[in-house]
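Written below as structure tokens is the structure these notes are about.
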């Protein structure tokens, strides 16, 4: 039995997400090797923060796991039920999430959800729920995604790494590498969620301190652009 490609799982989601830092300026007296390294880094950042352009997609990119082979078949409960809602990221206990640089497009941050059982619980991940309008009291994840909602998650780097290399190793041709800022990010077309067969795209990367992911029902280019606007300085 194969593992299902689940981009979002309880509490609300199981992905990683987030924002970036300014690059340190090089001193005027830097050695040639340091200047070359800084130049290479600047080129990588320029590529990973510019307009989104997809690389050639592998032949198996759009495949998905048949429902009978998926390990996760949980029902979808209202997204905000039993969730630990907070009003600001500085209320998170356990690690310091990074504040998004911008709010891409016409979406606004509607809710911040912790993985703990209360505002004082140590968070394992933080989910930022972006949508054109507030999350309904009884709204479930497939409906949230289908109406244009985007889920952004960030969590401390742990044993279950969310790096692009790990995702590509596991999913092979179902993932392709793009850039977010200077980091490799794995783009995945997820398995259907809910009865309406909604298939979100997911983008997963790690910056060494935090694992990130962004998931939404949109085009791959729009999702990459969303992540870059959110993360890039």
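The values are calculated or read from the model by the stated rules, or taken from the named source; none is laboratory data. Please read these numbers as outputs of a predicted model, since none were measured by experiment. As a convention, Cβ positions derive from the backbone with ideal geometry for all residues, glycine included, and neighbour counts pool all protein chains shown.
A few remarks follow.
- Every test in (1) more than 23 Å from residue 162 (Cβ to Cβ); (2) modelled with pLDDT under 75; (3) touching a strand residue (DSSP E or B) at 6+ places or on another chain (Cβ under 8 Å) is passed by residue 88 save one, and that test is (2).
- Within the range 152-166, one or more residues are surrounded by 16 or more Cβ atoms within 10 Å (Cβ to Cβ), touching a residue at least 40 places away in the same chain (Cβ under 8 Å) and in contact with a helix residue (DSSP H, G or I) (Cβ under 8 Å, 6 or more places away or on another chain).
- Just one of (1) in contact with a strand residue (DSSP E or B) (Cβ under 9 Å, 6 or more places away or on another chain); (2) surrounded by fewer than 12 Cβ atoms within 10 Å (Cβ to Cβ); (3) at pLDDT 80 or above fails for residue 97. It is (2).
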